[in-house]
Structure formats: structure tokens, C-alpha cells
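Q: Handing you this structure, nothing more for now.
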Amino acid sequence: MAEKKEVGFEQNLQRLDEIIRLLEKDSVPLDELLRLYGEGVALIRLCNGQLDDAQQRVKMLQISPDGTRAH
């Protein structure tokens, strides 16, 4: 079984940018527009989750060994 490689934030953001450009075209069929829109919504949620995770890691790094907030 092939392992699913986790895609990084930057790659997700790049794909989201590609989707936006495609959605702005007049020549894309409706069914493709709907598929792209769904993919874009999923990517936005994924990117938000990745940002939340990064923010939590930064907060953890700001806590000193004695449990107080580092300055």
C-alpha cells in the first residue's frame, strides 16, 4: 500500500491560487467549476488547520521550562 504524503502549507496555498485562477476563467464548464470550488473549500479548511497547528507550536515554544511564558 502506498503511503499518503502530507502536502505542506505552501503547496496547498499554491494549489489554491491555481484553483482561483481557473475559477475566474469563463471557459470552464459548470461541473468542473463545482469540483474546483469544492477542492478550494477543502484546501482553505486544511490551510486554516495547518496555521492553527503552527500557532500552537509557537505558543508551546514560548513556554519556558519552569512552565511560565518565555519573553
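Q: Answer with yes or no whether residue 7 is among the β-branched types (Val, Ile, Thr) and not in a helix (DSSP H, G or I).
A: For residue 7, the condition - among the β-branched types (Val, Ile, Thr) and not in a helix (DSSP H, G or I) - is met.
Q: Condition test on residue 58, is it of a type in the set (A, V, I, L, M, F, W, C), without any contact (Cβ under 8 Å) to a residue 40 or more places away in the chain and part of a loop (DSSP other than H, G, I, E, B)?
A: No; evaluated as a whole, the condition is false for this residue.
Q: I'm checking my understanding of the structure. Among residues of segment 17-71 that are farther than 20 Å from residue 7 by Cα and small (Gly, Ala, Ser), which one is modelled with the lowest pLDDT?
A: Looking at the filtered set, the residue picked out is 70.
Q: Could you run through segment 1-24 and say how many residues are surrounded by 14 or more Cβ atoms within 10 Å (Cβ to Cβ) and of a type in the set (S, T, N, Q)?
A: So the answer is 1.
Q: Would you pick out the residues in segment 25-52 that are open to solvent by 90 Å² or more (accessible area, probe 1.4 Å), of a type outside the set (Phe, Trp, Tyr) and assigned to a helix (DSSP H, G or I)?
A: 30, 31, 34, 35, 45 - these are the residues of segment 25-52 that are open to solvent by 90 Å² or more (accessible area, probe 1.4 Å), of a type outside the set (Phe, Trp, Tyr) and assigned to a helix (DSSP H, G or I).
The values are calculated or read from the model by the stated rules, or taken from the named source; none is laboratory data. Fair warning: this is a prediction, and the values are worked out from it, not measured in the lab. Virtual Cβ from ideal backbone geometry, glycine too; neighbours counted across all protein chains shown. Remember, those area values only see protein heavy atoms, side chains included, never the ligands or the DNA or RNA. Shrake-Rupley method; radii C 1.70, N 1.55, O 1.52, S 1.80 Å.
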